[in-house]
Amino acid sequence: MNFDKTVLSDFDAARGMEWIESNGLGGYASSTVSGAHSRKYHGLLVAALNPPVEKTVMLSKLEETIVVDQPDASVPSVRYELSSNQYPGVVHPTGYSYLEKFSRDLFPEFYYNCGGIKLKKTIAAVNGENTTLVLYEVLDAFSSIVLELVPLASARDYHHLSYANDTIGGHYLFDKGIFRTVNYPGGTELFISVPGADFKEGQAWYYNFEYVAERERGLEFKEDLYSQGRFSVRLASGDKLGIIVSTSEPEGRSAWKLFALEKKRREKLAKNYYDNRSLKRLVLAADQFVVRRGKLTTIIAGYHWFADWGRDTMISLTGLCLVTRRFEEAKEIILQFAKYVSEGMLPNRFPDNGEQPEYNTIDASLWFFHAIRNYYLYTRDVALVKSLLPILDSIIISHYHGTRYNIKVDPHDELLSGGADKVQLTWMDAKVGDWVVTPRRGKVVEINALWYNALRSMEYFYDLVQKPKKAKVYEGKAGRVYESFNREFWNENGNYLYDYIDGDYRCADLRPNQLYALSLSYPLLAGYRAKCLLQIITQNLLTPRGPRSLNEGNEQYQPHYVGDIWKRDGSYHQGTVWSFLLGPYVDALFYVDEEAARDPAIRLIKEFLNHLDEAGIGTISEIFDGAYPHAPRGCISQAWGVGEVLRVIVEHSLDISESNN
């Protein structure tokens, strides 16, 4: 995957492409290919101080300049400024114009040509620590050069912005090539190791950096950044310079040795996929979401701004950890969430600053059964399943007795219902203030598909541990749900499923949620009904990026996810395309007609994989506009998008080898 000067010389195009390096703790390094930050979430070291949360922009960026001395000392040196920044009405400097190539294989790599001086820069996050490496190689130079580096700091929570003040900076130490400072009293210490460098103090504020993506989202978008001075290193052709930016003491550590270890780790992850570049890229993208929470593992839902969410974790676990054979980490993730089961519910999410988890979800607990069943199918770990059965039983019992938010099984038909004022419980969870955009209260179609699968999974688990009486109980419960679901949810007039049932009201909005009645381990529809449903969704919802969340003909349909938070959240599930829904759609294709499914599935996935080069380079965006050309929106890298696309490629043995990705 390479981008040459024909693309990189267009600032808007280069700024529209983003890269991210995650560190296995929830922290990361990220920016645009142009070098200009477009988000407040961008930074060279965004550290997770309480992994995987409390993310802090420790160092925003390094401003880079190549200085070439002239033979005649009376002639000023030539300066090539490699950085780019968006200021009000102007881009300065215009370092993107020196970019000859950008490449993203194991790491993001930038190739500059400044009047014949060729410089390569590689950026790498080190797994397991809040450390970013910046590696420079002088590929060619007709004389020695000086590389000047100006560190720009914000030292703030990554949801906020910094502005000029008298509190930051002033106190630092530079000794033996290591710069250290605590930007604010009581803050975390920042280290920058620049071997062989001189440091010249020059404390100053740089004003009015503009972050275009934040402006487009209707948020604050201007920031001031602070520097305490400038590093200078003289280099010649063939020289290498390895910089460590970290919250840990770098003394005695080599950036190049750390890089070699990280490279080896990634090569090992991707070793079985080198003959298929798209699969290799997806496996490396999957790695970025698997992070530590305490002594166990969890999954970050998306970059840049999500932490770990129960629903997203359970949906993406198969693709991120089981398909990639990271079985021990999958087990740790399951155990991590099992610890937090409360009143029969899994957490919806863990807040950013380490507060108690939130439980406003009706489906995370049900996806838990699905994840455990898949874990067993990949590992045959009966012991784990057996150890979890008391917890799984308690979840089922709580749903029969009733738990938070009126979540309870209706004794008349065994279907699961739930909902409360001002609370969003399903995956269509957009909420602004007290406005729940798609409340979907009552009996919801995918919730009851998951409920049926949870009961069938319990039947399967008890058969597995040779407790046939218990298995028989669950078989009976599941059978009653099957009958009720087909009776209550089938829309005879439309030949598809109602989206939800609330008392006597049946919502006939055409949405992709009903795919789960076909795609899960235990489908709820068969024959004519299954074919009709899939045909309706294919004709009315499917795009090259996946199914829309609502059909175009609906009066609530919104073609574009743009504007301020009210406009964006108002359109979030009203036509927006969600990448993770490619998973159940492809599953449904194979369920309805396995022989006919392969070719359309391969065409769809191949077309989708072009997206790996258009937003978050090498990864998958959260959402896309419902309208053509289906521009990528939301998070640039989403766990369940990567996980589900990777899963269906592998589980259905889709041949994507001819893809150009």
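Some observations on this one:
- Hey, G344 among the small types (G, A, S), more than 19 Å from the chain's Cα centre (by Cα) and crowded, with 21+ Cβ neighbours inside 10 Å or not: yes
- Filtered by the rule that a residue be among the hydrophobic types (A, V, I, L, M, F, W, C) and open to solvent by 10 Å² or more (accessible area, probe 1.4 Å), segment 127-149 gives L139, A141, F142, V146.
- Condition check for E355: acidic (D, E), free of Cβ contacts under 8 Å to residues at least 60 places away in the same chain and not in a helix (DSSP H, G or I): yes
Yes/no per residue for (1) touching a Lys or Arg at 6+ places or on another chain (Cβ under 9 Å); (2) charged (D, E, K, R); (3) modelled with pLDDT of 95 or more; (4) outside any helix (DSSP H, G or I):
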{"position": "F199", "(1), (2), (3), (4)": "yes, no, yes, yes"}
{"position": "Y206", "(1), (2), (3), (4)": "no, no, yes, yes"}
{"position": "S248", "(1), (2), (3), (4)": "no, no, yes, yes"}
{"position": "L261", "(1), (2), (3), (4)": "no, no, yes, no"}
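- Annotation note: Cβ proximity below 6 Å between a residue of segment 515-535 that is within 17 Å of N493 (Cα to Cα) and a residue that is small (G, A, S) and open to solvent by less than 50 Å² (accessible area, probe 1.4 Å) (sequence gap 6+ or interchain) occurs for L525/A517; L534/A588.
- Taken together, D613, D625 contain a single residue that is farther than 29 Å from L525 by Cβ, in contact with a strand residue (DSSP E or B) (Cβ under 9 Å, 6 or more places away or on another chain), touching a residue at least 12 places away in the same chain (Cβ under 8 Å) and surrounded by 22 or more Cβ atoms within 10 Å (Cβ to Cβ), which is D625.
- Selected residue (criterion: most open to solvent (accessible area, probe 1.4 Å)) from residues of segment 150-194 that are at pLDDT below 95 and closer than 11 Å to T56 by Cβ: Y184
- V150 being part of a strand (DSSP E or B) and not hydroxyl-bearing (S, T, Y): yes
- Residues of segment 530-556 satisfying the condition of being surrounded by fewer than 18 Cβ atoms within 10 Å (Cβ to Cβ) and of a type in the set (K, R): K531
- Of all residues in segment 557-585, those being closer than 17 Å to M428 by Cβ, open to solvent by less than 30 Å² (accessible area, probe 1.4 Å), in contact with a Gly (Cβ under 8 Å, 6 or more places away or on another chain) and part of a loop (DSSP other than H, G, I, E, B) number 3.
- Residue satisfying condition, being in contact (Cβ under 8 Å) with a residue 12 or more places away in the chain and either in contact with a helix residue (DSSP H, G or I) (Cβ under 9 Å, 6 or more places away or on another chain) or buried (at least 22 other Cβ atoms within 10 Å of the Cβ) (or both), within set V78, V53, V33, V68: V33
- Restricting segment 371-397 to residues that are basic (K, R) and within 20 Å of I315 (Cα to Cα), the residue that is most open to solvent (accessible area, probe 1.4 Å) is R380.
- Only residues that are closer than 20 Å to I565 by Cβ, of a type in the set (A, V, I, L, M) and in a loop (DSSP other than H, G, I, E, B) were counted across segment 395-453, and they come to 4.
- Members of segment 628-653 that are assigned to a loop (DSSP other than H, G, I, E, B) and open to solvent by 10 Å² or more (accessible area, probe 1.4 Å): Y628, P629, H630, A631, G634, H652, S653
- Complete set of residues in segment 321-341 that are open to solvent by less than 10 Å² (accessible area, probe 1.4 Å) and within 25 Å of H159 (Cβ to Cβ): Q336, F337
- Failed item in (1) within 32 Å of the chain's Cα centre (by Cα); (2) more than 21 Å from N23 (Cβ to Cβ), with G196 passing the rest: (1)
- Any hit, segment 217-230, residues being more than 25 Å from T32 (Cβ to Cβ) and surrounded by fewer than 16 Cβ atoms within 10 Å (Cβ to Cβ): no
- Contacts under 7 angstrom Cβ, first residue in segment 580-597 being among the polar types (S, T, N, Q), partner open to solvent by 10 Å² or more (accessible area, probe 1.4 Å), 6 or more apart: none
- Selection status of E446, open to solvent by less than 20 Å² (accessible area, probe 1.4 Å), closer than 23 Å to I391 by Cα and not aromatic (F, W, Y): yes
The values are calculated or read from the model by the stated rules, or taken from the named source; none is laboratory data. Remember, it's a predicted structure, so these values are computed and weren't measured experimentally. With ideal geometry, Cβ positions are generated from the backbone for all residues, glycine too; neighbour counts draw on all protein chains shown. Side chains included, ligands, DNA and RNA excluded: accessible areas come from the protein's heavy atoms. Shrake-Rupley method; radii C 1.70, N 1.55, O 1.52, S 1.80 Å.
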